[in-house]
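The values are calculated or read from the model by the stated rules, or taken from the named source; none is laboratory data. Here the structure is a predicted model, which is why all the values come from computation and not from measurement. Methodologically, a virtual Cβ is constructed for each residue, glycine included, from the backbone with ideal geometry; neighbour enumeration extends over all protein chains shown.
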Amino acid sequence: MPEDLSSVTAAVKRVTEAAKSRQGYYAPSKLVQAAKLLTALQHTGAEHGISPATWDYVTDLAGACVDAIHVGQGKQAPKTAAAAEALLGHVARTLAERELYGVQPEGQLSVLLPRVETTPAWGTNGDGQLAVSLSADIGWYLYIHDRARIGGSVRDKGVFAPFDAAGAAEVAEIAIQINRGPRDLFHR
């Protein structure tokens, strides 16, 4: 089935809008994947006489496609510390390419982003740092590293992205956008 660029573009807009009502952040590659799934399902529906308007009437097809692309994402996450460290190294390199030198604390599977002038006031004293981390259970996530808090961190937010160098770069770009503010990590 050849992809019609206008239908894929429209599908990307629809899944991007649907993703806003979901928990977490989505890498652009995951949104494109969901858009292609949406386009394919609509194409198959059309072969059976089902119009896009009918899909909209019976279900949130764009939202279902967003949900479907990340089901089981944690099962694809790296299972060893060495593999996770390698991916976090890609995050740190992407940050460095943007002249943001992230720190990988020893013994932690995370990269702390440096605060910049526009970073929101996070944490107990307003000096918390955004961190990118990776878990074998849930995959990529962002959290606020708060030095003044026992345990050192507060709530986290998932990021749905591939577990490869390109996915690590997408996660870094999402983190850079959030770190620059004014968008709050937990309220989109």
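Out of curiosity, is Phe160 modelled with pLDDT of 90 or more and among the aromatic types (Phe, Trp, Tyr)? Against the criterion (modelled with pLDDT of 90 or more and among the aromatic types (Phe, Trp, Tyr)), Phe160 qualifies. Contact map, the stretch 93-104: residues that are at pLDDT 90 or above paired with residues that are part of a loop (DSSP other than H, G, I, E, B) and surrounded by 15 or more Cβ atoms within 10 Å (Cβ to Cβ), Cβ distance under 8 Å, separation 6+ or inter-chain. Pairs shown: Leu95/Gly102; Leu95/Leu113; Ala96/Gly102.
Number of residues in the stretch 71-119 that are of a type in the set (Val, Ile, Thr) and under 13 Å from Leu134 (Cβ atoms) equals 3.
Yes/no per residue for (1) crowded, with 18+ Cβ neighbours inside 10 Å; (2) in contact (Cβ under 8 Å) with a residue 40 or more places away in the chain:
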| residue | (1), (2) |
| --- | --- |
| Ser7 | no, no |
| Arg22 | no, yes |
| Tyr25 | yes, yes |
| Leu31 | yes, no |
| Leu41 | yes, no |
| His48 | no, no |
| Val58 | no, no |
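For the stretch 111-143, the candidate set comprises residues that are touching a helix residue (DSSP H, G or I) at 6+ places or on another chain (Cβ under 7 Å) and assigned to a strand (DSSP E or B); within that set, the residue that is nearest to Gly167 (Cα to Cα) is Trp140.
For Ala121, indicate whether it is under 20 Å from Asp156 (Cβ atoms), without any contact (Cβ under 8 Å) to a residue 12 or more places away in the chain and more than 15 Å from the chain's Cα centre (by Cα).
Working: under 20 Å from Asp156 (Cβ atoms): yes; without any contact (Cβ under 8 Å) to a residue 12 or more places away in the chain: yes; more than 15 Å from the chain's Cα centre (by Cα): yes.
So Ala121 fits the description; yes.
Where helices (runs of 4 or more DSSP H) fall entirely within the stretch 1-84, those with at least 1 residues that are under 24 Å from Asp164 (Cβ atoms), at pLDDT below 90 and not β-branched (Val, Ile, Thr) are at 61-70, 73-76.
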